[in-house]
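Scroll down for the structure; my scribbles are underneath it.
The values are calculated or read from the model by the stated rules, or taken from the named source; none is laboratory data. If you're wondering where the values come from, they're calculated on a predicted model, not measured in any experiment. When we count neighbours, we look across all protein chains shown, and the Cβ atoms used for this are built from the backbone with ideal geometry, even at glycine.
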Amino acid sequence: MRVPIKITYTPPERTILVTGGAGFVGSAVCRLLASNGSMRVVNLDSLVDSVDSAALAVPADQPNYRFVEGDILDRALVSQVMAEESVDGVIHLAAEGRADRNPGEMPPFIDTNVGGTFQLLEASLEHWRNLLPDARARFRFHHVSTNAVFGDRSAGSIAVDENAPYRPSAPIAAARAAADHLVRAWHTSFGLPVVLSHASAGYGPWQKPGKLIPHAVINAIEGIRVPVYGAGSEVRDWLHVEDYARALQAVFFHGHAGESYSIGGREEHNNLAVVAMICDLLDRIEPRADGRKRRSLITFLQDRRAADRRHAVDPTRIERELGWRPEISFVEGLTEVIDDYRDRARVEMGRAAAG
């Protein structure tokens, strides 16, 4: 895992509020921003769906980083933090993203994705209006959305770009789409300087174990069945979380107000191919004692309901206008995830032996 270099603290030129900064992508953004001594990073997160605390171990001990436990639905708290820290930018990642919720489980997720975004927009608008002219000019509200708002891209159809129509399939994707529309409305109606981004599927160290890649890696390491839904034909464009964080940083600092940017890794693979790659990489790195190939562990399960068959992103605009491109290949990224979990397994074994 790449660890940012610790810095010698100097007064920050920018103070950025990151909502959802204890999540998988948010923690990567916090690590990246906090590694720059000219920035102060304020992480506001409710810790409902946080990653391992180790993901934030580096910025946590740096003087230009502050963690605030709280909910974006609490406008008073958000306004207080903005005033205390004199923030001049927001990167809004706090959201609920699971697409397979039952109807009775929806209200909290609608509240966070739609209501929370509304409260954050209102607090940001009031704060922005009270800033001095120079600070107002550099303020940005970066709304980090998902390419799921564009719905299923059937095989052979073009990848989505910034002009794609909204066609969310799942209720959670519809809630994310509603938040997008609120953000754009606060820009056109009130002048709040916003930018939006829609990214493909992120992966990397510290991702929640229930996701496809970490789940497959953990099971393959332990030699137990590696599940794949349906025929494994769902296609996603995969993006390493550190490339993702760099893209969000580029959009925040250099994106044009009122515009949207599609972020993709140019690494489209179906789920079965991803799991097979993980099994093959592990076989090369650490062959099984019985000599069997890990592909034999792949087990097909009943397909998920209402799952989009393909998500695909065209990142041409961000590459051309902002100069961002992914730097970590899919094979390199998968190898890093495998090494990370193998290292953790060795640590756990050591602890168990010592105990």
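Selection over region 174-202 of residues that are in a helix (DSSP H, G or I) and touching a Gly at 6+ places or on another chain (Cβ under 7 Å) gives a count of 1. Scanning region 274-321 for residues that are among the hydrophobic types (A, V, I, L, M, F, W, C), surrounded by 13 or more Cβ atoms within 10 Å (Cβ to Cβ) and within 25 Å of ASP343 (Cβ to Cβ) turns up VAL274, VAL275, ALA276, MET277, ILE278, CYS279, LEU281, LEU282, LEU297, ILE298. All told, TRP324 meets the bar of being within 30 Å of SER38 (Cβ to Cβ), aromatic (Phe, Trp, Tyr), modelled with pLDDT of 95 or more and in contact with a helix residue (DSSP H, G or I) (Cβ under 9 Å, 6 or more places away or on another chain). Meeting the requirement of 3 or more residues that are in contact (Cβ under 8 Å) with a residue 12 or more places away in the chain and either closer than 17 Å to GLY333 by Cα or touching a Gly at 6+ places or on another chain (Cβ under 7 Å) (or both), the strands (runs of 3 or more DSSP E) wholly within region 213-305 are 235-240, 268-270.
Among the residues of region 46-68, just one is under 21 Å from ASN36 (Cβ atoms) and among the hydroxyl-bearing types (Ser, Thr, Tyr), namely TYR65.
Rundown of residues vs (1) surrounded by fewer than 22 Cβ atoms within 10 Å (Cβ to Cβ); (2) closer than 28 Å to SER53 by Cβ, yes/no style:
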| position | (1), (2) |
| --- | --- |
| ALA173 | no, no |
| PRO193 | yes, no |
| VAL226 | no, yes |
| TYR229 | yes, no |
| VAL251 | no, yes |
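Within region 198-211, identify whether any single residue is small (Gly, Ala, Ser), surrounded by fewer than 21 Cβ atoms within 10 Å (Cβ to Cβ) and more than 23 Å from THR112 (Cβ to Cβ), and answer yes or no. Scanning region 198-211, I find no residue that is small (Gly, Ala, Ser), surrounded by fewer than 21 Cβ atoms within 10 Å (Cβ to Cβ) and more than 23 Å from THR112 (Cβ to Cβ), so the answer is no. Pairing residues of region 47-75 that are over 25 Å from LEU121 (Cα atoms) and crowded, with 16+ Cβ neighbours inside 10 Å with residues that are modelled with pLDDT of 95 or more and among the β-branched types (Val, Ile, Thr), at Cβ distances under 7 Å and at least 6 apart in sequence or on separate chains, gives PRO59/VAL41. Taking (1) part of a helix (DSSP H, G or I); (2) over 19 Å from VAL81 (Cα atoms) in turn, SER145 satisfies each apart from (1).
The set of residues in region 148-173 that are small (Gly, Ala, Ser) and part of a loop (DSSP other than H, G, I, E, B) comprises GLY151, SER154, ALA155, GLY156, SER157, ALA159, ALA164, SER169, ALA170.
Screening region 6-56 for residues that are among the basic types (Lys, Arg) and out of contact with any Pro (no Cβ under 9 Å at 6 or more places or on another chain) and picking the one that is modelled with the lowest pLDDT gives LYS6.
For region 261-273, give me each residue that is crowded, with 23+ Cβ neighbours inside 10 Å and out of contact with any helix residue (DSSP H, G or I) (no Cβ under 6 Å at 6 or more places or on another chain).
Passing the criteria: SER262, GLY264, GLY265.
Restricting attention to region 136-167, the residues being out of contact with any Phe, Trp or Tyr (no Cβ under 9 Å at 6 or more places or on another chain), buried (at least 21 other Cβ atoms within 10 Å of the Cβ) and among the hydrophobic types (A, V, I, L, M, F, W, C) number 3.
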